[in-house]
Amino acid sequence: MSLSESPPPGVQADPPLRADARRNREKLVAVARAAFAAADDTVALEAIAREAGVGIGTLYRHFPTREALVEAVYAAELDDVATSAPALLAEFPPETALRAWMDRYAAFVATKRGMIDTLRTGWASGRIATPTTRERVTAAIATILTQGARAGVLRADVEPEDVTAMLLGVFLSTAASDTAEQTGRLLDLVIDALRPRA
């Protein structure tokens, strides 16, 4: 199925969603998130619909194109990453919250790999809005660093943007091997670098 596919004839986008339609949409996004994270190749839309327990027509009513589904998945993943810092800080000490947040960010990057070709094409053509991913990720890091510096468990002299750059370096360097163990070790090293110096 190509990126430019159109929905089957006669399938239109729904107006405001009823409760059952909203559940179907959320299920489709959840299934697509898992499929894109696990995929080594293009994920068939029919497989997503089948796994979500709906027909392909239902998928197309919610997401008229592959780009529309990918954009919804990407936005949901980015929202989870960008807004998870306060909840993690409420549950864990700042350095533990930061490490848990890094794992969440790594999962986001893994999901993005399964849809990167569609994202790049959509961004280049303007069919998918260019997100403020880096800014939102850096803001989440800044929230945790600030709390950690106040508690004396994370360095106060670190720029959040530099941490973002370090994390991107970790994910780029492990993309080919895709070993969670190595990624975890490198993220542990990043945390060690962010602890206050003796």
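The values are calculated or read from the model by the stated rules, or taken from the named source; none is laboratory data. Everything quoted here is computed from the prediction, not taken from an experiment. No Cβ is skipped: glycine too gets one built from the backbone with ideal geometry, and neighbour counts run over all protein chains shown.
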Restricting the first residue to the range 80-94 and requiring it to be polar (S, T, N, Q), which pairs with a second residue that is surrounded by 12 or more Cβ atoms within 10 Å (Cβ to Cβ) meet a Cβ separation below 6 Å and a spacing of at least six or different chains?
-> Ser84/Arg104
Can you find even one residue in the range 130-148 that is part of a loop (DSSP other than H, G, I, E, B), touching a Phe, Trp or Tyr at 6+ places or on another chain (Cβ under 9 Å) and over 19 Å from Ala110 (Cβ atoms)?
-> yes
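Residues that are in the same structural domain as Asp117 (by TED's automatic domain parsing) and of a type in the set (Val, Ile, Thr), at least 3 per element: which helices (runs of 4 or more DSSP H) completely within the range 31-105 meet that?
Numbers: elements: 45-52, 56-62, 66-83, 85-91.
Fully inside the range 31-105 and qualifying: 66-83.
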Mind checking which residues of the range 115-141 are charged (D, E, K, R) and farther than 28 Å from Ile48 by Cα?
-> Arg134, Glu135, Arg136
Restricting attention to the range 149-169, which residues are among the aliphatic types (A, V, I, L, M) and over 18 Å from the mean Cα position of the chain (by Cα)?
-> Ala149, Ala151, Val153, Leu154, Ala156, Val158
Is it the case that Val163 is at pLDDT below 95 and surrounded by 17 or more Cβ atoms within 10 Å (Cβ to Cβ)?
-> no
Among the candidates Thr174, Thr111, Thr133, Thr138, single out the residue that is modelled with pLDDT of 90 or more and among the polar types (S, T, N, Q).
-> Thr138
